[in-house]
Amino acid sequence: DSGVTQTPKHLITATGQRVTLRCSPRSGDLSVYWYQQSLDQGLQFLIQYYNGEERAKGNILERFSAQQFPDLHSELNLSSLELGDSALYFCASSVVGGGPTSEQFFGPGTRLTVL
Amino acid sequence: GENVEQHPSTLSVQEGDSAVIKCTYSDSASNYFPWYKQELGKGPQLIIDIRSNVGEKKDQRIAVTLNKTAKHFSLHITETQPEDSAVYFCAATSNSGYSTLTFGKGTMLLVSP
């Protein structure tokens with residue numbers, strides 16, 4: 001158990017809908033990262049927050065957004081969902097927001113299925 | 001940006017054999033190289049990492065080597081056991097300065113008893 005929690009575990013929804021995925025980092029970790037894992041693309045970095053502020057952006061679509069709250073939990077919002085958004089979404093956390101010592105610890109993931 | 005290539009995509013070994021997974025990266029500024037193990041239905045778990053100031057690191061049956069000149073690093077698992085069966089991912093830091101990771105496509109390791 002990494003100490004990172006994600007809810008829900010599974011989410012089934014329809015095209016065009018909007019969903020919110022939630023992540024609670026390990027106790028003491030200030031940084032949260034979101035990743036998308038699909039069979040053909042592997043693990044793709046989406047976005048990083050550090051202590052409430054956006055720190056880095058990866059391959060995140062404009063239909064997706066995220067935020068980190070004062071209690072350090074984070075939410076990933078996915079809107080206007082398409083079939084291709086079906087994937088596993090992982091959250092990871094680390095103590096610091098940058099530098100070479102930022103080991104990232106992953107949560108169990110949320111499996112999103114868009115029908 | 002960073003690009004990480006990982007080989008092989010699948011690897012089958014007999015219990016007790018050694019397994020080697022290799023990765024190459026493109027950004028010479030990358031300086032942190034973790035390896036993750038992902039079991040079915042679970043999130044990736046950090047198993048070992050190496051930084052650019054060392055060439056090799058060992059942790060029991062697992063070792064990682066880094067060749068910065070050639071820009072490649074490898075995971076070595078000795079005396080494999082069935083519970084080592086999983087998907088293994090290598091990763092490297094991008095040059096963003098914020099330790100965002102770029103992952104390889106993964107290697108499915110199957111250890112047969």
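Observations
- Our summary gives chain A a relative contact order of 37 percent, counting only alpha carbon pairs under 8 angstrom and 6 or more residues apart.
- Within the stretch A:45-87, the residues that become at least 30 Å² less accessible when every protein chain is included than when their own chain is isolated (1.4 Å probe; DNA, RNA and ligands ignored) are A:PHE45, A:ARG55.
- Sparsely packed chymotrypsin sites (Phe, Trp or Tyr not before Pro) within the stretch B:7-73, loop by DSSP, other Cβ within 10 Å at most 10: none
- Accessible area per residue, Å², the protein assembly as shown with all protein chains present, probe 1.4 Å: 48 Å²
- Candidate lysines - alpha carbon under 21 Å from B:LYS58, same-chain residues fewer than 8 apart omitted: B:LYS22, B:LYS37, B:LYS68, B:LYS71
- Interface of A with B. Using a 1.4 Å probe and counting protein heavy atoms only, the two chains hide about 1600 Å² of accessible surface, both sides summed.
- Sparse packing (at most 10 other Cβ atoms within 10 Å of the Cβ) combined with a DSSP loop state is found for the following GluC sites (Glu not before Pro) in the stretch A:26-115: A:GLU62.
The values are calculated or read from the model by the stated rules, or taken from the named source; none is laboratory data. This is a predicted model, so every value here is computed, not measured. Cβ atoms come from the backbone with ideal geometry, glycine included; neighbour counts cover every protein chain shown. To get the accessible areas, we keep the full protein, side chains included, count just its heavy atoms, and leave off ligands, DNA and RNA. Shrake-Rupley method; radii C 1.70, N 1.55, O 1.52, S 1.80 Å.
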